[in-house]
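Notes follow once the structure below has been shown.
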Amino acid sequence: MAELTMIEAIRAALSRAMEEDPDIIIFGEDVGIDGGVFRATDGLFQRFGSSRVRDTPLSEALIAGMAVGAAAHGLRPVAEIQFTGFIYPALDQMANHASRLRNRTRGRLTCPMVLRAPYGGGIKAPEHHSESIEALLAHIPGLRVVIPSAPARAYGLLLAAIRDPDPVVFLEPKRLYRSTSEAVEDTGEALPLDKAFVLQEGTDLTIVTWGAMVKDVTEATLQLAESGISVELIDLATLKPIDRATIRASVEKTGRCVIVHEAPLTAGLGAEISADLAEHCLTSLLAPIKRVTGFDTVMPYLRLEAHYMPDTARIMDAARNVMEFS
Amino acid sequence: MPTRSAGFQISCSAFLDAAGKPIGDLPEFARNKDTLVALYSAMVKTRTFDSKAIALQRTGQLGTYASSLGQEAIGVGVASAMTDDDVFLPSFREHGAQLWRGVSLKELFLYWGGDERGNDFAKSRQDFPVCIPVASQFPQAAGVALAKVQKGDPGAAVVVAGDGATSKGDFYEAMNVVGAWNLPVVFVINNNQWAISVPREDQTAAKTLAQKAIACGIPGEQVDGNDVIAVQAIVARALTRARAGKGGMLIECLSYRLGDHTTADDASRYREDAEVSAHWQQEPLVRLRNHLVATHGWTKEDEQLLLRTCKEEVEVATDTYLATAPEPARAMFDTLFAKAPADIAAFAEEAENG
Ligand SMILES: Cc1ncc(C[n+]2csc(CCOP(=O)(O)OP(=O)(O)O)c2C)c(N)n1
Ligand SMILES: [Mg+2]
């Protein structure tokens with residue numbers, strides 16, 4: 001079984017999907033001969049040809065809108081936005097059309113498309129390259145929003161996103177693209193969407209997180225284990241719809257919850273999860289729910305970036321705080 | 001001395017003048033009486049639908065409605081040049097085109113009455129529903145054309161929007177890729193001279209809207225948008241090019257919005273009555289009727305019969321529309337996803353039972 005990085009796993013999933021289904025096409029900026037700025041599509045242009053792997057003009061509204069039109073008429077486009085900082089013009093198409101087409105035509109026209117984009121901080125990128133905007137997208141009814149946190153899950157979730165009959169925004173934590181590798185079996189097997197992954201079972205405290213934060217939370221979990229705190233670690237993976245059942249079941253067991261995300265605090269997805277637990281699991285809670293998140297400020301440029309990102313220390317603090325509540 | 005790098009010319013075509021007199025030779029199809037009667041009937045039907053829709057809105061029986069008064073030749077001209085292989089992506093003002101494409105009067109009433117089932121067309125199921133976010137249908141037309149090219153499907157995408165829509169990035173982005181990738185898209189602009197209260201000359205300093213195509217490397221032409229023969233002829237020509245793999249084209253149809261922007265608008269706040277009355281002299285129905293009378297023996301009785309038939313058809317559709325009960329509340333979730341996520345069942349239950 002091959003050891004793949006996340007970027008290699010994404011490429012393997014794209015490649016596998018394109019082999020299986022001739023209606024899958026890839027387009028975006030520099031995805032062709034250059035293989036994408038992060039090399040997600042490296043070699044696909046050479047392998048599948050210039051008609052199935054297309055460099056678009058520099059036009060984000062076009063990329064998304066063209067995907068909508070093509071998806072409604074028999075293709076299954078996997079379109080790439082180079083960085084989430086430039087996704088805003090594409091949101092018009094996602095919010096006004098991709099997410100609504102099936103509904104507003106009562107099922108007559110549909111939109112089986114995937115919009116991929118690298119997101120998040122931690123790679124010392126230019127301004128406008130490091131934001132986490134998953135909550136903006138998750139607020140749009142009719143869209144699925146998926147974020148993988150490890151190579152194997154990236155592979156399985158991307159295949160699921162591509163095969164899904166409805167539009168999926170697939171945000172890739174670019175900090176993890178090459179940071180680690182793991183065994184990924186290129187079997188063509190998809191992972192379920194709409195399902196959170198319990199990465200580690202525990203009894204004292206539930207930590208819910210996603211994307212690159214899974215790495216930091218895992219580290220914190222190991223250290224917490226040394227001081228006798230048993231963490232149940234949940235990788236949300238599909239951010240919309242939220243797998244509420246898995247989170248509720250876990251918190252009913254542990255009685256405590258910390259939510260960790262890189263995106264700013266206010267109106268972030270931590271708020272939704274927290275509210276859901278308050279509504280449904282109040283009597284199980286042994287301590288207030290805590291959120292560890294990015295701050296409500298403009299994503300700092302690279303020199304201050306590390307101060308913005310939630311880190312192991314902040315996660316541990318929150319976890320201890322929750323454990324010590326009485 | 002700088003050298004000349006590029007230049008362009010924009011032409012404008014027309015076959016009938018405002019009085020209905022031919023300007024030069026008519027195209028072959030326009031010498032056939034039945035063809036002309038069909039075009040004329042479709043325009044009359046569109047106008048009959050239009051006035052009924054306004055009346056229904058005024059009496060609280062329809063939502064906000066965008067009238068196509070004075071622009072019937074654009075919709076009918078465009079759609080009559082298309083085939084079932086083509087895909088239509090309309091703005092919200094091309095009822096005439098939608099009717100010609102096979103969308104029923106009942107479906108139009110349902111849609112404007114606020115019922116999404118009006119978008120679930122029984123015929124021309126490949127066509128898009130009307131597009132409310134101005135100009136956002138342009139990139140989708142490029143996508144439809146891309147799908148056609150990729151799958152080897154015949155036909156082209158035909159997309160219509162207004163003069164205001166040409167100021168949006170979507171318009172340029174879509175025309176640009178259609179030029180760069182040589183995609184089969186026919187862009188049609190219904191230049192009715194107004195974008196709500198903003199007149200055409202405040203929209204852009206460009207002398208024509210058609211010339212905006214030149215920057216994208218595709219041809220752009222103007223046509224008298226009140227001359228249904230000219231509209232059909234030029235769209236047919238653009239479609240022939242597109243189907244032959246020669247790429248896209250932009251057609252600017254010159255017309256005038258004789259009504260308010262929508263039933264929620266009061267155009268007297270921003271334009272003079274005199275301007276509107278002047279444009280009534282140019283409107284599309286009278287000129288084709290004059291031509292039919294002068295050349296093909298169209299009689300008062302023919303006219304009366306047509307008006308009566310259209311009125312009856314519209315009345316029957318109105319009755320069916322008004323007798324159609326709204327969907328149950330849960331319908332707002334039924335087609336949100338192919339496979340509804342777990343949350344949805346609870347929402348649907350709550351919406352239905354309060
Ligand atoms: C993107 C967008 N901005 C604003 C509006 C509100 N609006 C609806 S129609 C309209 C004017 C459109 O003018 P034009 O493109 O000339 O089309 P017309 O209504 O004249 O047919 C405006 C501003 C909208 N629907 N979409
Ligand atoms: Mg206009």
For B:T166, all conditions in the list (1) crowded, with 20+ Cβ neighbours inside 10 Å; (2) away from ligand 2 (no atom under 16 Å from the Cβ); (3) part of a helix (DSSP H, G or I) hold save one; what is the number of the exception? (2)
Given the conditions (1) surrounded by 24 or more Cβ atoms within 10 Å (Cβ to Cβ); (2) part of a loop (DSSP other than H, G, I, E, B); (3) more than 12 Å from ligand 2 (Cβ to nearest atom), report the number of the one that B:A135 does not fulfil. (3)
Just to be sure I understand, how many residues within region B:173-222 are away from ligand 1 (no atom under 16 Å from the Cβ), within 12 Å of chain A (Cβ to nearest Cβ), of a type outside the set (S, T, N, Q) and in contact with a Ser or Thr (Cβ under 8 Å, 6 or more places away or on another chain)? 1
Scan region B:66-78 and tell me whether some residue there is more than 23 Å from B:S277 (Cα to Cα), assigned to a loop (DSSP other than H, G, I, E, B), out of contact with any strand residue (DSSP E or B) (no Cβ under 7 Å at 6 or more places or on another chain) and modelled with pLDDT of 95 or more. no
Region B:176-200 - residue that is within 16 Å of ligand 2 (Cβ to nearest atom) and β-branched (V, I, T) and, of those, nearest to B:V144 (Cα to Cα): B:V188
Any residue at all in region A:82-89 that's within 25 Å of A:P173 (Cα to Cα), at the interface with chain B (Cβ under 9 Å from one of its Cβ atoms) and surrounded by fewer than 21 Cβ atoms within 10 Å (Cβ to Cβ)? yes
May I ask you to list the residues in region B:232-272 that are away from ligand 1 (no atom under 16 Å from the Cβ), closer than 24 Å to B:M43 by Cβ and either not basic (K, R) or not assigned by TED's automatic domain parsing to the domain that holds B:G220 (or both)? B:Q232, B:A233, B:I234, B:V235, B:A236, B:A238, B:L239, B:T240, B:M249
Could you tell me which numbered condition B:A157 fails, if it satisfies all but one of (1) facing another protein chain (nearest Cβ under 9 Å); (2) within 16 Å of ligand 1 (Cβ to nearest atom)? (2)
Looking only at region B:118-154, which residues are out of contact with any strand residue (DSSP E or B) (no Cβ under 8 Å at 6 or more places or on another chain), polar (S, T, N, Q) and within 14 Å of ligand 1 (Cβ to nearest atom)? B:S136
Quick check on region A:36-67: of everything there that is among the small types (G, A, S) and within 18 Å of B:M175 (Cβ to Cβ), which residue is nearest to the other protein chains (Cβ to nearest Cβ)? A:G65
Which ones in region B:152-163 are acidic (D, E) and within 16 Å of ligand 2 (Cβ to nearest atom)? B:D163
For residues that are under 13 Å from A:I259 (Cα atoms), out of contact with any Gly (no Cβ under 6 Å at 6 or more places or on another chain) and in a strand (DSSP E or B), tally how many sit in region A:199-238. 8
Filter result for B:K151 (at pLDDT 95 or above, within 13 Å of chain A (Cβ to nearest Cβ) and touching a Gly at 6+ places or on another chain (Cβ under 8 Å)): yes
Can you tell me how many residues within region B:106-125 are in a helix (DSSP H, G or I) and either touching a His at 6+ places or on another chain (Cβ under 7 Å) or on the phi > 0 side of the Ramachandran plot (or both)? 1
Could you tell me whether B:C253 is surrounded by 19 or more Cβ atoms within 10 Å (Cβ to Cβ) and assigned to a helix (DSSP H, G or I)? no
Given the conditions (1) away from ligand 1 (no atom under 11 Å from the Cβ); (2) surrounded by 24 or more Cβ atoms within 10 Å (Cβ to Cβ); (3) not small (G, A, S), every one holds for B:L110 apart from (2)
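The values are calculated or read from the model by the stated rules, or taken from the named source; none is laboratory data. Everything numeric here is computed off the predicted structure, so don't read it as measured data. Note that we place each Cβ from the backbone using ideal geometry, even for glycine, and neighbour counts take in every protein chain shown.
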